[in-house]
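These notes are about the structure you will find just below.
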Amino acid sequence: QVQLVESGGGLVQPGGSLRLSCAASRSIFSAYAMGWYRQAPGKQRELVATLTSRDSTNYADSVKGRFTISRDNAKNMVYLHMNSLKPEDTAVYYCNARLPVGTYWGQGTQVTVSS
């Protein structure tokens, strides 16, 4: 069993930045991939960014060039650096871990981009 806890969400103005953090309760060194997903009201959950064990990244077209995913295996942490935020980035952001023992989700953190 793995617990994932997200933090760092909040209210930010358009053009602003936030850094989301995901703390894992156990080592993520063996994870096939870590990722961030988001779900806006009335919409399906969508992929934002993933980072594989081989440090390969994948981003949604809507966030390319603005968001960066990173990980710190020593601290069991995954981060999502978000710059140039837009109102359409407003959503609940979820951390995801694909491990040999299963796939796990955090409880989500709200990001609201509004003036």
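Find the residue count for the range 8-42, including only residues that are open to solvent by 60 Å² or more (accessible area, probe 1.4 Å), in a strand (DSSP E or B) and basic (Lys, Arg).
Counting residues in the range 8-42 that are open to solvent by 60 Å² or more (accessible area, probe 1.4 Å), in a strand (DSSP E or B) and basic (Lys, Arg) gives 1.
List pairs: first in the range 5-22 and closer than 18 Å to Thr68 by Cα, second at pLDDT 95 or above and of a type in the set (Asp, Glu), Cβ under 6 Å, 6+ apart or cross-chain?
That search, which allows pairs on different chains as well, returns Cys22/Glu6.
Got a sec? Which strands (runs of 3 or more DSSP E) wholly within the range 73-115 have at least 1 residues that are under 17 Å from Asp55 (Cβ atoms)?
Ranges flagged: 77-82, 91-99.
Would you check which residues across the range 63-87 are closer than 22 Å to Arg98 by Cβ, exposed (fewer than 15 other Cβ atoms within 10 Å of the Cβ) and of a type in the set (Gly, Ala, Ser) and list them?
Residue satisfying the conditions is Ala74 alone.
Scan Arg54, Arg45 and give me the residue that is over 15 Å from the mean Cα position of the chain (by Cα) and open to solvent by 20 Å² or more (accessible area, probe 1.4 Å).
Arg54
So which residues in the range 93-103 are open to solvent by 30 Å² or more (accessible area, probe 1.4 Å) and at pLDDT 95 or above, if there are any at all?
Tyr94
Suppose the filter is farther than 17 Å from Arg19 by Cα, at pLDDT below 95 and of a type outside the set (S, T, N, Q); does Asp55 pass it?
Yes.
The values are calculated or read from the model by the stated rules, or taken from the named source; none is laboratory data. The structure displayed is predicted, hence computed values, not measured ones. Glycine also receives a Cβ, built like all others from the backbone with ideal geometry; neighbour counts cover every protein chain displayed. To get the accessible areas, we keep the full protein, side chains included, count just its heavy atoms, and leave off ligands, DNA and RNA. Shrake-Rupley method; radii C 1.70, N 1.55, O 1.52, S 1.80 Å.
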